[in-house]
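The structure appears below as structure tokens.
What follows is calculated from the coordinates using simple rules that are stated; it is not laboratory data. No experiment lies behind these values; they were computed from the predicted model shown. Note that each Cβ is placed from the backbone with ideal geometry, even for glycine, and that neighbours are counted across all protein chains shown.
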Amino acid sequence: MKDVHIAVGVLAIACNSVAAVWGAWCWSRGVSSVSFWRVLRAGQAVIVLQAALGGVLVLMGHKPPSLHVIYGLLPLLVSFIAEQLRIASAQMVLDSQGFESAAAVGELPEEEQRAVVQTIVRREVGVMTLAAFVIVVLLARAAGTA
């Protein structure tokens with residue numbers, strides 16, 4: 001079971017590293033990529049699996065160092081907080097550009113609507129990319145304290 005936990009940990013670091021690098025590239029170019037979101041979501045799913053496996057190991061009597069547990073669980077918290085910031089980023093963009101609601105954006109010409117949407121997506125990608133970088137660091141620290 002411990003070997004599975006290690007293998008899933010390596011997969012979690014790999015998925016989140018790919019998401020971080022791919023997201024940084026997308027963000028820097030202002031490109032929207034469905035594959036970025038898929039890799040990011042896969043990385044988040046692997047983090048949940050990794051934490052669950054760690055919990056099973058603890059229930060089976062394995063005693064990991066406290067720092068390992070902290071660094072292993074923090075990625076879940078970082079992911080949750082990043083999702084909240086991602087959700088709020090649309091409203092932040094609308095507020096910064098003086099729109100009362102998304103409906104007000106719908107009254108703009110199509111090209112201006114597209115520009116607002118691109119700004120929102122770019123901010124969302126930036127938030128989630130930064131979270132993926134932080135998650136990679138935390139997972140690497142968790143691996144180093146095992």
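Overview of values
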| read-out | value |
| --- | --- |
| Coarse-grained scattering of the range 69-131 at q = 0.13 Å⁻¹, given as base-10 log I(q)/I(0) from a Debye sum over alpha-carbon atoms | -0.42 |
| For the chain, built as a Gaussian network whose Cα springs stay under 10 Å, the top-fluctuating residue of V21, V56, V127 | V56 |
| Full-extension gain in nm, L76 to A52, via 0.36 nm per residue minus C-alpha separation | 7.5 nm |
| Separation of alpha-carbon centers, the range 68-121 and the range 1-22, rounded to whole Å | 27 |
| Derived scalar couplings ³J(HN,Hα) [the range 39-44; Karplus, 6.51 cos²θ - 1.76 cosθ + 1.60; whole Hz; x for Gly, Pro] | 5, 4, 5, 4, x, 5 |
| Residue among L49, L77, L40 with the largest mean-square fluctuation in a Gaussian network model of the chain, springs linking Cα atoms under 10 Å | L77 |
| Pairs of Cα atoms farther than 28 Å apart, the chain, % | 31 |
| Within the range 31-58: backbone nitrogen closer than 18 Å to the V117 label point (7 Å, Cα to C-beta) | 31-37 |
